[in-house]
Number of protein chains: 2
Amino acid sequence: MTGAGPLADLARQPTRAGVLAAAAKVAALLPPTPLLPVEIGGVTVWCKAECLQPVGAFKIRGAWHRLSELSEQERARGVVGVSSGNHAQGVAWAARRLGIEATIVMPRDAPAVKLARVRELGAHIVLYDRASEDRDAISEALANERGATLVHAYADPWVIEGQGSVGIELAVQMAAQAGGEATRIVTPCGGGGLAAGLVLACPNAEIVTVEPEGWDDMARSLTGGRILAVAPNPPATACDALQTLATRPINFAVLDGRARGLAVSEAEVRAAQRFAFARLRLALEPGGAVALAAVLAGKVAPDGRTAIVLSGGNVDAAAYAEVLLGTG
Amino acid sequence: MTGAGPLADLARQPTRAGVLAAAAKVAALLPPTPLLPVEIGGVTVWCKAECLQPVGAFKIRGAWHRLSELSEQERARGVVGVSSGNHAQGVAWAARRLGIEATIVMPRDAPAVKLARVRELGAHIVLYDRASEDRDAISEALANERGATLVHAYADPWVIEGQGSVGIELAVQMAAQAGGEATRIVTPCGGGGLAAGLVLACPNAEIVTVEPEGWDDMARSLTGGRILAVAPNPPATACDALQTLATRPINFAVLDGRARGLAVSEAEVRAAQRFAFARLRLALEPGGAVALAAVLAGKVAPDGRTAIVLSGGNVDAAAYAEVLLGTG
């Protein structure tokens with residue numbers, strides 16, 4: 001136990017040692033998600049299928065690392081999470097397993113399947129309006145009121161270390177299957193929790209973050225050398241999991257100078273969802289498909305040791321059917 | 001090399017030693033497919049995701065075991081396969097990897113995605129009409145004409161042993177993840193190649209074969225104690241991979257007294273496809289979902305160490321979208 005008790009230092013920077021500790025804990029609980037080869041333009045790329053986690057997304061990793069470190073007293077007071085649905089499920093899953101009461105602040109327009117799954121896992125849901133309400137203010141107020149622990153979706157050292165366990169698994173699998181370390185890891189990016197974890201886990205790989213067009217605050221920040229929010233009035237996107245307005249210092253400190261960012265269009269995302277269905281037999285949600293979309297669109301050139309994170313697969317059936325039919 | 005050369009004994013019975021040899025060969029080539037837990041009626045069942053193989057189905061195993069045992073002379077004369085699409089892809093994949101010319105006899109009404117994929121893998125396709133033509137006669141004539149090796153989809157000892165490697169992987173994974181051997185393995189069944197392989201691989205498990213209603217020749221045969229064909233005029237089924245008229249002696253000799261068989265309706269199959277999408281984020285073809293359908297429909301009671309084979313995921317996007325929308 002690294003002691004995330006009442007005196008836990010939330011401002012501490014995440015470390016590679018922490019990522020390795022998280023990876024050991026995750027390995028004791030969950031089998032590695034498969035690394036699936038697929039050919040793109042004659043080159044084999046390696047897809048890390050995080051959509052196959054029990055909650056359908058990598059978020060289970062960070063949530064487990066965070067919640068399992070809480071003290072008995074903290075567990076008794078419960079946890080509060082904020083999420084459009086995948087971190088929500090990760091927190092709810094870990095909380096149920098540990099017997100912790102969980103409250104999740106979720107946007108009213110979250111996919112129905114995500115809301116239903118969080119409820120099924122036994123968490124309480126507090127809804128908010130993305131356009132008019134501040135989710136951080138709501139969740140902080142809730143946590144203070146109850147003395148509960150706030151588990152941020154990405155600005156938390158344990159969460160970042162937990163997500164980094166993807167990279168530790170990936171390194172082992174790349175060595176066994178691709179003959180060596182990943183030279184490049186292309187990953188979906190919301191707030192930068194997973195991306196920061198990958199930087200710590202895979203120090204020799206180039207990390208490429210991918211966001212939906214108009215929601216490319218990470219790309220802007222990496223280019224600008226300081227945290228920049230998305231431009232005003234961002235466009236509608238099907239990538240509900242990646243609608244983050246800005247990264248946070250704890251994430252940016254890890255990513256700055258170590259990653260580059262790019263963006264994909266909605267049409268490119270849909271094409272990637274169709275490709276994953278046809279070639280990998282995987283159902284990906286839009287946000288889970290953006291890294292694959294970037295490679296398919298030629299925005300990242302694969303080199304035979306390029307890994308792509310397929311980060312989530314929680315999508316409403318009707319919306320997914322429309323994507324397959326080409327009408328979405 | 002066990003010597004499947006010109007003098008290879010195709011009439012020999014498959015053995016457990018052969019399954020273990022096949023499993024070692026497959027393990028050197030392909031990482032294990034994941035074993036995914038999912039709750040059904042409050043009980044955790046274990047889903048072996050063979051739809052995640054490079055060709056989208058377990059058939060790659062038997063094809064690899066068979067083709068890799070061919071002598072240089074046999075390889076030079078090519079192979080002929082018969083299949084509605086998954087064995088076809090397995091043979092084409094193995095043939096390409098070994099530099100063998102492959103010809104596949106496929107039904108005219110095979111899913112477009114299966115026809116396209118076999119062509120992409122570089123195999124020649126000869127089409128036949130399911131209703132009016134005898135696929136075995138066509139393929140035997142082709143093989144004789146060319147001196148090629150006929151690779152039957154299920155009535156071949158190497159193919160059976162290769163498919164059995166699913167069970168060897170499963171045993172290792174069940175021990176690690178479920179705390180012990182599978183008590184019961186529920187599997188889709190066409191001709192009985194996979195089912196026979198599982199009997200050899202997992203001697204302590206009950207093997208339950210599942211077929212579409214009206215195509216339940218295996219269930220009838222297991223009940224009757226002798227090989228029985230499907231009843232005349234079988235109904236239409238979406239399970240193109242499981243439209244086998246009768247099993248063969250080499251399969252039945254292994255299965256008789258060791259397996260029981262049951263059937264599922266088309267609606268139950270569609271419900272299983274929707275469940276796999278929502279709960280496992282996997283795209284299953286109808287035939288790949290029948291074992292899951294049987295458990296979901298309550299026709300097999302899961303006991304916490306029940307394994308379900310999800311055998312394939314090659315399905316046309318439009319047909320799959322209709323299933324998701326509930327209009328299929």
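The values are calculated or read from the model by the stated rules, or taken from the named source; none is laboratory data. Please read these numbers as outputs of a predicted model, since none were measured by experiment. FYI the Cβ positions are ideal-geometry reconstructions off the backbone, even for glycines, and counts take in every protein chain you see. Heavy atoms of the whole protein, side chains included, go into the accessibility calculation; ligands, DNA and RNA do not. Shrake-Rupley method; radii C 1.70, N 1.55, O 1.52, S 1.80 Å.
Please go through segment B:209-227 and give me each residue that is touching a helix residue (DSSP H, G or I) at 6+ places or on another chain (Cβ under 9 Å) and open to solvent by 40 Å² or more (accessible area, probe 1.4 Å), ordered by number. Break it down stepwise before answering.
Taking segment B:209-227 as the starting set, the residues that turn out to be touching a helix residue (DSSP H, G or I) at 6+ places or on another chain (Cβ under 9 Å) are B:209-213, B:215, B:218, B:221-222, B:226-227.
Within segment B:209-227, B:E213, B:R226, B:I227 meet the criteria.
Can you name every residue in segment B:22-35 that is open to solvent by 10 Å² or more (accessible area, probe 1.4 Å) and either assigned to a loop (DSSP other than H, G, I, E, B) or of a type in the set (S, T, Y) (or both)?
Result: B:L30, B:P31, B:P32, B:P34.
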(request) Determine whether A:V80 is more than 14 Å from chain B (Cβ to nearest Cβ) and either crowded, with 24+ Cβ neighbours inside 10 Å or outside any helix (DSSP H, G or I) (or both). (result) yes
(message) Residues to consider are B:V38, B:V19; find the one that is outside any helix (DSSP H, G or I) and either in contact (Cβ under 8 Å) with a residue 12 or more places away in the chain or more than 14 Å from every other protein chain (Cβ to nearest Cβ) (or both).
(response) B:V38
(request) Kindly indicate the residue of segment B:42-77 that is more than 15 Å from B:T149 (Cα to Cα) and assigned to a helix (DSSP H, G or I) and also farthest from the other protein chains (Cβ to nearest Cβ) among those meeting that condition. (result) B:R61
(request) Select, from B:L255, B:L245, B:L200, the only residue that is surrounded by fewer than 18 Cβ atoms within 10 Å (Cβ to Cβ) and farther than 20 Å from B:V45 by Cα. (result) B:L245
(message) Consider segment B:41-68. How many of its residues are open to solvent by 20 Å² or more (accessible area, probe 1.4 Å), within 20 Å of B:R279 (Cβ to Cβ) and in contact (Cβ under 8 Å) with a residue 12 or more places away in the chain?
(response) 4
(message) Given (1) open to solvent by 10 Å² or more (accessible area, probe 1.4 Å); (2) not assigned by TED's automatic domain parsing to the domain that holds B:A301, identify the lone condition not met by B:A143.
(response) (1)
(request) May I ask you to say which residue of B:A272, B:A238, B:A297 is open to solvent by less than 40 Å² (accessible area, probe 1.4 Å) and assigned by TED's automatic domain parsing to the domain that holds B:K48? (result) B:A272
(request) Would you please name the residue that is nearest to B:I168 (Cα to Cα), looking only at residues in segment B:303-328 that are more than 8 Å from every other protein chain (Cβ to nearest Cβ), in a loop (DSSP other than H, G, I, E, B) and touching a helix residue (DSSP H, G or I) at 6+ places or on another chain (Cβ under 6 Å)? (result) B:S311
(message) Need pairs with beta-carbon distance below 7 Å; first residue away from every other protein chain (no Cβ under 14 Å) and farther than 22 Å from A:G147 by Cβ and within segment A:101-117, second at pLDDT 90 or above and not in a strand (DSSP E or B); sequence gap 6+ or separate chains.
(response) A:R108/A:D129; A:A110/A:D240
(message) Looking only at residues that are of a type in the set (G, A, S) and farther than 17 Å from B:K114 by Cβ in segment B:300-320, which one is most open to solvent (accessible area, probe 1.4 Å)?
(response) B:A301
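So, in segment B:215-240, how many residues would count as being of a type in the set (F, W, Y) and in contact with a Phe, Trp or Tyr (Cβ under 7 Å, 6 or more places away or on another chain)?
Residues flagged as of a type in the set (F, W, Y) and in contact with a Phe, Trp or Tyr (Cβ under 7 Å, 6 or more places away or on another chain) within segment B:215-240 amount to 0.
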(request) Inspect all residues belonging to segment B:84-98 and state whether any of them is within 24 Å of B:L20 (Cβ to Cβ), more than 14 Å from chain A (Cβ to nearest Cβ) and of a type in the set (K, R). (result) no
(message) Show me the helices (runs of 4 or more DSSP H) found entirely inside segment B:227-298 where at least 3 residues are farther than 28 Å from B:L10 by Cβ.
(response) B:266-275, B:290-296
(request) Would you point out the residue of segment B:105-132, among those that are over 18 Å from B:D316 (Cα atoms) and open to solvent by 80 Å² or more (accessible area, probe 1.4 Å), that is modelled with the highest pLDDT? (result) B:H124
(request) Can you confirm whether segment A:197-220 contains a residue that is touching an Asp or Glu at 6+ places or on another chain (Cβ under 8 Å) and among the hydroxyl-bearing types (S, T, Y)? (result) no
(request) Filter segment A:241-274 for residues that are acidic (D, E) and under 21 Å from A:G326 (Cβ atoms) and give the result. (result) A:E266, A:E268
(message) Taking the conditions exactly as written (more than 13 Å from the chain's Cα centre (by Cα), more than 18 Å from B:A238 (Cα to Cα) and surrounded by 24 or more Cβ atoms within 10 Å (Cβ to Cβ)), does B:L292 satisfy them or not?
(response) no
(message) Let me spell it out: the conditions are (1) of a type in the set (A, V, I, L, M, F, W, C); (2) touching a strand residue (DSSP E or B) at 6+ places or on another chain (Cβ under 7 Å); (3) more than 14 Å from chain B (Cβ to nearest Cβ), and A:L245 meets all of them except one. Which number is the exception?
(response) (2)
